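Have a look at the structure below, then the notes.
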Amino acid sequence: MKRILKIFKKFFILIIILGIFGGGWFYYNKYKEEKLRRLAEEEKKKQEELEKEKQRKFLEEKQKEFENLISEIEKYFKIGDYTKVKELAEKALILAKQFNFSTDRINQILHQIEVNIYLAKLKKLEKENQDIYKYFYVRTQLQKIPSIKEISNLKNKILEKTYENEYNVKLILAYNSLEELRRGIEPSYNYFISRKFYSEAKKIREKRNIKKQEIEDKIHNLQNELYFTSKALYKNTIPTSLY
């Protein structure tokens with residue numbers, strides 16, 4: 001019996017020892033796992049910080065590249081090299097879209113280029129408009145120019161001048177037809193073509209609020225005068241009172 005108790009005590013002590021070692025091993029493993037987990041987290045955080053710094057530097061480089069492009073755009077804009085400006089602006093706009101940079105300055109410059117180009121065209125058309133017989137050509141070219149705020153006043157001024165020119169041209173044509181009539185050349189044709197130009201000129205003046213020319217009344221009176229003095233015309237046409 002004593003021997004059995006002795007064996008049991010040894011077995012019990014062994015179990016206690018094994019339990020102590022087992023518990024120590026368990027807690028050691030837990031400690032080791034926790035340490036490894038913390039090291040992994042610290043490494044991950046370190047890598048994230050490095051990645052953020054890398055992205056920050058990359059963004060700084062792109063921002064600097066973008067600002068350099070803006071400087072180049074402004075330089076070429078000042079010297080009037082619009083082709084180079086547009087080439088650089090295209091690159092800058094691609095960067096701006098990728099990194100959400102502000103494009104206000106680029107858009108302002110591109111808009112001003114558009115204004116300058118159309119303004120130059122208007123100045124040329126204004127000069128062309130000095131020839132009253134080019135009114136139709138000038139008016140057609142004006143239709144190709146958009147109504148941008150900065151140039152709208154000049155465009156409208158040139159447009160109104162084309163109608164004034166057309167009014168004067170039609171009066172001249174009406175008067176010249178009467179001169180042909182006075183010389184007895186194709187009386188009926190020249191009389192009616194004169195009336196046609198005169199009527200069109202009058203309508204333009206009234207519609208566009210153009211200052212009336214003295215020659216307008218002169219043409220009207222001369223039409224009546226020549227109608228009655230031209231025997232061929234008076235014989236072959238309806239009395240002027242019916243017009």
Inset, instruction - Only residues that are surrounded by fewer than 14 Cβ atoms within 10 Å (Cβ to Cβ) and not charged (D, E, K, R): list them for the stretch 193-216, please. - result: S199, N209
Inset, instruction - Can you confirm whether the stretch 126-135 contains a residue that is under 30 Å from E166 (Cβ atoms) and within 22 Å of the chain's Cα centre (by Cα)? - result: no
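So which of E114, E126, E164 ends up being surrounded by 13 or more Cβ atoms within 10 Å (Cβ to Cβ), within 30 Å of L69 (Cα to Cα) and of a type in the set (D, E)?
Sole residue among the options that is surrounded by 13 or more Cβ atoms within 10 Å (Cβ to Cβ), within 30 Å of L69 (Cα to Cα) and of a type in the set (D, E): E114.
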Inset, instruction - Considering every residue within the stretch 54-70, establish whether at least one is over 29 Å from A120 (Cα atoms), acidic (D, E), part of a helix (DSSP H, G or I) and at pLDDT below 90. - result: no
Inset, instruction - Say whether the condition of being among the hydrophobic types (A, V, I, L, M, F, W, C) and outside any helix (DSSP H, G or I) is met by at least one residue in the stretch 196-205. - result: no
Inset, instruction - Check K91, K170 and return the single one that is assigned to a helix (DSSP H, G or I), in contact with a helix residue (DSSP H, G or I) (Cβ under 7 Å, 6 or more places away or on another chain), surrounded by 18 or more Cβ atoms within 10 Å (Cβ to Cβ) and among the charged types (D, E, K, R). - result: K170
Legend entry - Selection status of E206, among the acidic types (D, E) and closer than 30 Å to I73 by Cβ: no
Inset, instruction - Test E160 against the stated conditions and say whether it is under 27 Å from the mean Cα position of the chain (by Cα), touching a residue at least 40 places away in the same chain (Cβ under 8 Å) and within 30 Å of L110 (Cα to Cα). - result: yes
Inset, instruction - Provide a single number: the residues in the stretch 108-148 that are of a type in the set (S, T, N, Q) and either assigned to a helix (DSSP H, G or I) or touching a His at 6+ places or on another chain (Cβ under 9 Å) (or both). - result: 5
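The values are calculated or read from the model by the stated rules, or taken from the named source; none is laboratory data. In this text, all values refer to a predicted model and were calculated from it rather than measured experimentally. Ideal geometry is used to build each Cβ from the backbone, glycine not excepted, and the neighbour counts take in all protein chains shown.
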